[in-house]
Amino acid sequence: MEGPRACRPEELDGLRTLENTVFRSNGESCMFREFPTLFHESNCERLRVFVDKGQPVSAIAYVNRTAVIQGNTLRIGSLGAVATFEEYRGRGLATALLEDTFAQMKRENVDVVLISGQRGLYQRAGCAIAGHEMRFSLDGSALAGAPERGLVVEEAADADISDLIALHQNEPSRFVRSPWEWQQFLSVYRLTPKGAEPPFGVRRLWVVRQQGTPVAYFVLSVGRDNTNPTAYVQEFAGNRAAVLSGLTSLKERFGLRTVSGSCLPSDREMNGLLTGLGGSVQASSIGGHRMSFLNPEVLRRYDPWVTERLGMEFVGELNLVQSDDVWYLTSGATRTVAGSLETTNALLWGDAVRDLKGDDTDTGVWKRLLPLPFLLPGMNYI
């Protein structure tokens, strides 16, 4: 058996078989079609595999993307599609692949890994349930109260890519996407799984126009049950009131009972509109994910955040230091115990900072700084 190593272009068909066997055994869709940027030939170095007799038998896949988060720029490795044929399980292949993948990410200067899944494998590697989102749910009556502005809602086309990019670029927290990536995502949102009857059972990207000008977009997944139709908003950008008006339009068109989704806590406008409509809005960690820093100097990526929260004199003075298996938060000569890697990740991006132990003089800096802002996967979900 060979590996762990990068998947070779000639092995992609075998990798497709592995991924579909594990994740799409019903044959309704194909992982390679659903995640075209992840499984593209240009991303082979990030498709890590064990191969037996020419067939990939265990795999982990990721993409390395730049993210802008409230003025802070990070490299994020989005990891998923962890698959092993049943007869090869229990041999530690996934563990070896994860270690190999983290090493590869570090060679690529990835700052943070974001993993879809809650497996013990990820927790044992120190990844924490962290990040923050506001999960919302709107029933039909709440959507009926959304502002109407005579807007037009249409499915996005390739001709809309420039406008989609412009709307997305105005978001304070986002993944940086090339026009090619937008084209790939649009191809995904035209797929119709076997047995689905659009608009039910499909995911589409919608553009909201006002007097012909795009003012917002959103990605909406509609459930298959046309007797009790529900929908989920995967991502949105642009004018928040226009997003809700667009959802109102589709609610009426498709007879939707409820629409759910999530937004960032920092998106005060959307949170305010949702609350005003009487929707359910609840704080949560990023659903279905774990995360960890890979770069111990990740705090330097948050220099703008440090400056605005603490002052310029703290830039370059805050560090993460490891001694044996314990991590410490250091501020100049002051050192505060963080704990395990998982606990440290929960301090940086979760709610664990409120339980930070130590003298108020030592911990006060961190309690003013943390948690650090992050972003939602949106269309970049792996």
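None of the figures in this text is laboratory data; all of them are computed from the coordinates on show. These numbers were taken from a predicted model, which means no experiment stands behind them. Glycine gets a Cβ as well: all are built from the backbone with ideal geometry, and neighbour counts include every protein chain shown.
Filter the trypsin sites (Lys or Arg not before Pro) in the range 170-213 down to the DSSP loop ones having no more than 14 other Cβ atoms within 10 Å, then list what survives.
ARG190, LYS194
At a threshold of 8 angstrom on Cα-Cα distance, excluding pairs fewer than six apart, so keeping six or more, what relative contact order does the range 51-113 reach in percent?
37 percent
Output the antiparallel fraction of DSSP beta bridges having both residues in the range 133-284, as a percent to the nearest 5.
In the range 133-284, DSSP labels about 90 percent of beta bridges as antiparallel.
Round to the nearest 0.05 the FRET efficiency obtained for ASP355 and SER284 when R0 = 25 Å and r is the Cβ-Cβ distance.
Working: r = 18 Å, r/R0 = 0.73.
Taking R0 as 25 Å, the efficiency between ASP355 and SER284 is 0.85.
What 222 nm value per residue comes from the helices of the chain, counting each DSSP H run with n ≥ 4 as -39,500 (n - 2.57) and dividing by all residues, nearest 500 deg cm²/dmol?
Calculated from helices alone, the mean residue ellipticity at 222 nm is -8000 deg cm²/dmol.
Please work out, to two decimal places, the log10 of the ratio I(q)/I(0) at q = 0.06, 0.08, 0.10 Å⁻¹ from a Debye calculation in which every Cα of the chain carries one identical scatterer.
For the chain at q = 0.06, 0.08, 0.10 Å⁻¹, log10 I(q)/I(0) is -0.25, -0.46, -0.72.
In the chain, with Lys and Arg counted as +1 and Asp and Glu as -1 at Cβ, which of these residues, MET31, ALA196, GLY117, has the Cα nearest the positive end of the dipole, that is, farthest along it?
ALA196
Show me, for the range 190-195, the HN-Hα J-couplings you get by feeding each phi into the Karplus relation (A = 6.51, B = -1.76, C = 1.60, θ = phi - 60°), rounded to Hz, glycine and proline as x.
Coupling constants for the range 190-195: 10, 6, 10, x, 4, x Hz.
Using the Cα centre of the range 296-369 as origin and beta-carbon charges of +1 (Lys, Arg) and -1 (Asp, Glu), tell me which of ALA346, VAL326, GLY311 is placed farthest towards the positive end of the dipole.
GLY311
If each residue's Cβ is checked for other Cβ atoms within 10 Å, how do LYS367, LYS53 rank with the fewest at the top?
Details: LYS367 11, LYS53 7.
With the fewest neighbours first, LYS367, LYS53 line up as LYS53, LYS367.
So which GluC sites (Glu not before Pro) in the range 93-141 pass both tests, a DSSP loop state and at most 16 other Cβ atoms within 10 Å of the Cβ?
Here the sparse-neighbourhood loop sites are GLU108.
Which of the lysines could a cross-linker span from LYS194 if the Cα-Cα distance has to be under 30 Å and same-chain partners fewer than 8 positions apart are dropped?
LYS251
If r is the Cβ-Cβ distance from ASP52 to GLU297 and R0 is 25 Å, what FRET efficiency results, to the nearest 0.05?
It comes out at approximately 0.05.
Kirkwood Rh, Cα Rg: Rg to Rh for the range 1-94?
1.02
So what's the gap between the Cα centers of the range 189-241 and the range 77-156, to the nearest angstrom?
First find each Cα centre; the distance between them is then 20 Å.
What do you get for trypsin sites (Lys or Arg not before Pro) in the range 89-146 restricted to DSSP loop and a cutoff of at most 12 other Cβ within 10 Å of the site's Cβ?
Hits after loop and neighbour filter: ARG89.
Rounded, prolate or oblate: which fits the range 133-284, taking a ≥ b ≥ c as square roots of the Cα gyration tensor eigenvalues, rounded meaning a/c under 1.5, else prolate when a/b beats b/c? Could you put the intermediate results ahead of the total?
Values: a/c = 1.43, a/b = 1.08, b/c = 1.32.
Verdict is rounded for the range 133-284.
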